[in-house]
Amino acid sequence: SKTAYVRTKPHLNIGTMGHVDHGKTTLTAAITKVLAEHGTDGTTKYVSFDRIDRAPEEAARGITINIAHVEYETGTRHYAHVDMPGHADYVKNMVTGAAQLDGAILVVSALDGVMPQTAEHVLLARQVGVDHIVVALNKADAGDEELTDLVELEVRELLTAQGYPGDAVPVVRVSGLGALRGEPRWTASVEALLDAVDTYVPVPERYLDAPFLLPVENVLTITGRGTVVTGAVERGVVRVGDRVDVLGADVQTVVTGLETFGKPMQEAQAGDNVALLLRGVPRDAVRRGHVVAAPGSVVPARRFTARVYVLSGRDGGRTTAVTTGYRPQFYIRTADVVGNIDLGEAAVARPGETVEMTVELGRAVPLEPGLGFAVREGGRTVGAGTVTSVG
Ligand code: GDP
Ligand code: MG
């Protein structure tokens, strides 16, 4: 049978973000290669570029989800790393908090510098509370030193402008492609990047004492065993045999199995990426966007107030104002729900402004102050917000 997952090191969720073609997927593959060949414990398996870029694509509720999870270990930590193919996938998964990043590797091509998606990902990372970013100035093999110095300054400025300590953020010059080719200099550069991540991104405080909660990312059926939901545990602990509620499906059930990266475990805790086998739940009853939680621990609601940053045209958002009565989609955890906004006396919110609003959702979802969400319209992000009060 399968080897059980043994928790020997702190587990962190990280991911690559940055403008398309700056080398996120190449770098992700390079990290696994470097650790597989040079790591000290021999636990990391090399995952090729093609396998990352051909991540399983699933259409759930009309949204295509595309996210690759790669697992690796440094000397001190176990990481689950997410890499996403397109900008829209970042918005859906990272921005909505679904990816639950404890830290991020911002990939910036030394040849191209800061581009629009670089800026949007940093903005959104800030909004959803990703407090630690390490910069990989990629394609250093092809760039010239002076230009790369300028790009570094530009990235530090961007980070400072978005509220990160731009002067203190580690910036490492790397070449994912060089490391994949096994060139010693660039292999060392990827090791230096991993050292920066190990030391700069702290192990987050996990809310282990809070009641268990997991936003459902995907639902699958395992023949002969039943319905499985996957996602990252947002808080608390769950054990095989625990009773849970599935909010959205209005189902009460029992967890009959737990796995992480294909390895069975008895207990999953906040921060873990897991698959949960649920007793007697029909496949059709559960969907992405539902929430699995300790019985009675959360009450879904439709109405909340929020502080929302309306993205400017420069951020890829709207060029015209929104008004009371506007009905965009709200991406809350993994859910995608329509909502009606009320801007109160102001009545109008212009691109680039941060405003208070009351939202009435089309259906109830678990909400709480501090929860981050994205506002989307016709496939693009028009706002990023935080819940301030519920009800
Ligand atoms: P993504 O869209 O950010 O995931 O970027 P990819 O990893 O798909 O890379 C985009 C292109 O940049 C590909 O043609 C890569 O071969 C190339 N690339 C990626 N990393 C490097 C690098 O370190 N040096 C050079 N010269 N090219 C690179
Ligand atoms: Mg990619």
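The values are calculated or read from the model by the stated rules, or taken from the named source; none is laboratory data. Bear in mind that the values here come from a model prediction, so they are computed numbers and not experimental data. So basically every Cβ, Gly included, is an ideal-geometry build from the backbone, and we count neighbours across all protein chains shown. Only protein heavy atoms, including side chains, enter the accessible area calculation; ligands, DNA and RNA are left aside. Shrake-Rupley method; radii C 1.70, N 1.55, O 1.52, S 1.80 Å.
Please give the helices (runs of 4 or more DSSP H) falling wholly within region 140-202 in which 2 or more residues are within 13 Å of ligand 1 (Cβ to nearest atom) and open to solvent by 30 Å² or more (accessible area, probe 1.4 Å).
176-180
If I ask for residues that are farther than 14 Å from residue 310 by Cα and modelled with pLDDT of 85 or more, which ones from region 379-389 would you list?
Result: 387, 388, 389.
Restricting the first residue to region 23-38 and requiring it to be polar (S, T, N, Q), which pairs with a second residue that is in a helix (DSSP H, G or I) and near ligand 1 (Cβ under 6 Å from one of its atoms) meet a Cβ separation below 7 Å and a spacing of at least six or different chains?
Within 7 Å, the pairs are 26/176; 26/177.
Go through region 214-253 and report how many residues are of a type in the set (A, V, I, L, M) and not in a strand (DSSP E or B).
Looking only at that region, the number is 4.
I'm trying to understand the selection: among the residues of region 9-25, which are part of a strand (DSSP E or B) and away from ligand 2 (no atom under 11 Å from the Cβ)?
Within region 9-25, 11, 12, 13, 14, 15 qualify.
Those residues that are among the small types (Gly, Ala, Ser), open to solvent by 50 Å² or more (accessible area, probe 1.4 Å) and within 19 Å of residue 334 (Cβ to Cβ), I need them from region 209-248; list them, please.
248
Among the numbered conditions (1) more than 22 Å from residue 130 (Cβ to Cβ); (2) at pLDDT below 90; (3) within 12 Å of ligand 1 (Cβ to nearest atom), tell me where residue 7 comes up short.
Unmet for residue 7, out of (1) more than 22 Å from residue 130 (Cβ to Cβ); (2) at pLDDT below 90; (3) within 12 Å of ligand 1 (Cβ to nearest atom): (3).
Does region 34-58 hold any residues that are within 16 Å of ligand 2 (Cβ to nearest atom), at pLDDT 90 or above and surrounded by 15 or more Cβ atoms within 10 Å (Cβ to Cβ), and which are they?
Passing the criteria: 47, 49.
So which residues in region 220-229 are over 20 Å from residue 297 (Cα atoms) and touching a strand residue (DSSP E or B) at 6+ places or on another chain (Cβ under 8 Å), if there are any at all?
220, 221, 222, 225, 226, 227, 228
The conditions are (1) touching a helix residue (DSSP H, G or I) at 6+ places or on another chain (Cβ under 9 Å); (2) within 14 Å of ligand 1 (Cβ to nearest atom), and residue 115 fails exactly one of them. Which is it?
Among (1) touching a helix residue (DSSP H, G or I) at 6+ places or on another chain (Cβ under 9 Å); (2) within 14 Å of ligand 1 (Cβ to nearest atom), the lone unmet condition for residue 115 is (1).
Residues of region 265-274 being surrounded by 20 or more Cβ atoms within 10 Å (Cβ to Cβ) and in a strand (DSSP E or B), which ones?
Of everything in region 265-274, those that are surrounded by 20 or more Cβ atoms within 10 Å (Cβ to Cβ) and in a strand (DSSP E or B) turn out to be 268, 273, 274.
Would you please name the residue that is nearest to residue 372 (Cα to Cα), looking only at residues in region 300-331 that are β-branched (Val, Ile, Thr) and at pLDDT 90 or above?
Among those residues, the one meeting the criterion is 305.
Return the pairs, sorted by first residue and then second, in which the second residue is open to solvent by 70 Å² or more (accessible area, probe 1.4 Å) and part of a helix (DSSP H, G or I), the first residue lies in region 137-157 and is at positive phi, the beta carbons are less than 9 Å apart, and the residues are 6+ apart or on different chains.
Hits for this filter: 139/177.
List pairs: first in region 346-375 and surrounded by 15 or more Cβ atoms within 10 Å (Cβ to Cβ), second among the acidic types (Asp, Glu), Cβ under 7 Å, 6+ apart or cross-chain?
357/342; 358/342
Return the pairs, sorted by first residue and then second, in which the second residue is open to solvent by less than 50 Å² (accessible area, probe 1.4 Å), the first residue lies in region 246-268 and is basic (Lys, Arg), the beta carbons are less than 7 Å apart, and the residues are 6+ apart or on different chains.
Here the result reads 263/5, each pair linking region 246-268 to a residue that is open to solvent by less than 50 Å² (accessible area, probe 1.4 Å).
Is it the case that region 254-264 has a residue that's assigned to a loop (DSSP other than H, G, I, E, B) and modelled with pLDDT of 95 or more?
no
Could you give every pair whose Cβ atoms fall below 8 Å, whose first residue belongs to region 275-302 and is open to solvent by 10 Å² or more (accessible area, probe 1.4 Å), and whose second residue is aromatic (Phe, Trp, Tyr), counting only separations of at least 6 or pairs across chains?
294/212; 297/212
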